Structure formats: structure tokens, C-alpha cells
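K.L.:
I am attaching a structure below and will ask some questions about it afterwards.
The values are calculated or read from the model by the stated rules, or taken from the named source; none is laboratory data. Treat the numbers as computed from the prediction; the structure is a model and nothing was measured. Positions of Cβ are generated from backbone atoms using ideal geometry, with glycine treated the same way; all protein chains shown enter the neighbour counts. Surface accessibility is based on the protein's heavy atoms, side chains included, excluding ligands, DNA and RNA. Shrake-Rupley method; radii C 1.70, N 1.55, O 1.52, S 1.80 Å.
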Amino acid sequence: MSAWLPCAPCTPEGCATHHGPVAGPLKALARLLAGLAAVGCGLLLAPVAALFGVLLGAAFRHRLTRCWSRAVLRAFGVRVRVVGQPHDLRAALVVANHISWLDIPLVAAVLPGRMLAKSEVRSWPVLGPLAARGGTLFLERDRLRALPAAVASMADALRGGARVVVFPEGSTWCGRGRGRFRPAAFQAALDAGAAVQPVRITYSPTGAAAFVGDDPLLASLWRVAAAEGLTAEIRLLPPILPGSHLDRRSLALAAQLVVASDSANLPSSSVHQCVRSIPASASSVRTPS
């Protein structure tokens, strides 16, 4: 792994433990199988949806994506709470904090668009092929030279009127703490003259949803399926309009502050629990801009 890659201090042992009510093993297994079946149906129907999307337009394709994403979340037993209304933007760079693999269907259920994901997602079972067929833009995070091409692809998509979804922290955090928004992706919004739509994601209880560090995907899937009362909240914050910031660093910071200010009431004890696990070397990790 390159030294410039974003690194969160969160670990599965310290941050991804569920302390709330749990479902029985049969109910959890039923949820897991239902969730995987919903994802599998999306994989099988993706080519058909793409064909009808071409014939009937982006609005129809987005409607299908929202329905499928909600079905996946419902199958895993996750309740969804949406705060705010989508803004009427022709194209937008949607930026959100990153906690879990659940973030992807959660954002897609409200603001469907082309996701930017790390190239490793391609190799994920079931989810990888589905992401590829859904128009995901992949970034090889360990190759800094690949970054300009990825930014150019995002800018092209935005110019074409698409919505592009990015998690600019570059790594998942448990939700009790958060990372800095890396500026690189924001260059795409500047180049395309597109608005930035900040989004705040929270889960309650937090530990069940967190997918951090070297947590195996199957373990996370089971933890989500076994958790009772897991609620995902997505809060749509005021957009940052084109021309309000002239460089990517100030634009990234503005979006980060908007998202962070929405979590100002986060209990200090929870923040301390996460920060306490930061390794001594974490402060020396460098990230690209």
C-alpha cells in the first residue's frame, strides 16, 4: 500500500462491534439470504435496466435504481430516514462521509448516480460485477498517476448532465470520527462547472454498520443482518453552487465543514472512543491532493 493512501484509525475490534439487540440466527440468516438475493437480482436485471434506460431516459433508470437500492436495504433489515429534499440540479458532484458498504445503496436510494469506487471493488463477489454494470467509475488508489484520468472521467460525466457520487474521505470511518475531504475529486466539479451536493450519513446503532479496516465483507454482511433496529439516516444539505469557490482545496474544505457541522452534537465520549485507537504513525500518513 502506498504511503499517500488515506488511512482511518478505526478498527473492526474497536469500532465495528454491535452492542444493541440482535435477531435470532434464523432471522439473521433469512435477512442475509434475502439481501444477497436482492443484490443478485440487480446483477441479473442490470443489462435490461440499462437497455430500457437508453430507450426511456435517465429518469426511468434512476427510478429503477432507487427501487432496487431500497429493496436491498429493506432485505437486510435496515430502516431508512431521509432528511431534506433533493435539489433541482442538472448535474452535481455528490459528496458524503463514508462509514459502510451500506452507504452505496443508501445514497443510490435517494440520489442515484455514477459512483467513484476503489478498483478493489471490482473483485468483490456479486457487488463488484453489479458496480461495474451500473456505470461505476473505478480508481486505482495505489497509482497516483491514475488520478488525473479519473478526475477527467468524472468531469466528462458531469458535463454530460450525470450525477457523480464520491466519498472524499478516501477510507471508511466508523461514524464516531471522520476524516478530511481529499480535494482531488472536487477538481471535476470545478472543471465541469457543476454544483457540489454535500450529504451526511449516520447509522444508529453505529457499530453494526461500520465497515472499517480489514473487516471481512462477509462478517460485515452478517453483522448488519443480525442487528435489530438498524436505522440509516441520509441528510441532504444545501448545495455549494458553481463559482462560489475558485480552487479545489477551498471547495473540499467548504463541503467538509458543511457535513461536519451537521454532526456537531455527536457525543464527545463516542469521538474519544474512536480517537483513542489512533496509531502513533497515523499522523504521518500523506494523501494526494
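K.L.:
Might you check whether a residue that is out of contact with any Lys or Arg (no Cβ under 9 Å at 6 or more places or on another chain), modelled with pLDDT of 90 or more and open to solvent by less than 50 Å² (accessible area, probe 1.4 Å) occurs anywhere in the range 139-148?
P.N.:
Looking through the range 139-148, none of the residues is out of contact with any Lys or Arg (no Cβ under 9 Å at 6 or more places or on another chain), modelled with pLDDT of 90 or more and open to solvent by less than 50 Å² (accessible area, probe 1.4 Å).
K.L.:
Please work out if residue 102 is at pLDDT 90 or above and not β-branched (Val, Ile, Thr).
P.N.:
Against the criterion (at pLDDT 90 or above and not β-branched (Val, Ile, Thr)), residue 102 qualifies.
K.L.:
Would you mind finding the one in 289, 250, 284, 270 that is out of contact with any strand residue (DSSP E or B) (no Cβ under 7 Å at 6 or more places or on another chain), at pLDDT 90 or above and either open to solvent by less than 30 Å² (accessible area, probe 1.4 Å) or among the small types (Gly, Ala, Ser) (or both)?
P.N.:
Within the list 289, 250, 284, 270, the selection yields 250.
K.L.:
If you check every pair at least six apart or on different chains, which have Cβ atoms under 6 Å apart with a residue in the range 66-85 that is of a type in the set (Lys, Arg) first and a residue that is in a loop (DSSP other than H, G, I, E, B) and crowded, with 16+ Cβ neighbours inside 10 Å second?
P.N.:
66/112
Rundown of residues vs (1) at positive phi; (2) touching a helix residue (DSSP H, G or I) at 6+ places or on another chain (Cβ under 6 Å), yes/no style:
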{"site": "201", "(1), (2)": "no, yes"}
{"site": "213", "(1), (2)": "yes, yes"}
{"site": "217", "(1), (2)": "no, no"}
{"site": "237", "(1), (2)": "no, yes"}
{"site": "253", "(1), (2)": "no, no"}
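K.L.:
For the range 59-99, which positions are at pLDDT below 85 and surrounded by 15 or more Cβ atoms within 10 Å (Cβ to Cβ)?
P.N.:
Within the range 59-99, 61, 62, 89 meet the criteria.
K.L.:
In this structure, is residue 228 among the charged types (D, E, K, R) and under 18 Å from the mean Cα position of the chain (by Cα)?
P.N.:
No; evaluated as a whole, the condition is false for this residue.
K.L.:
Let me ask something else. What are the residues in the range 1-46 that are outside any helix (DSSP H, G or I) and at pLDDT below 75, if any?
P.N.:
Result: 1, 2, 3, 4, 5, 6, 7, 8, 9.
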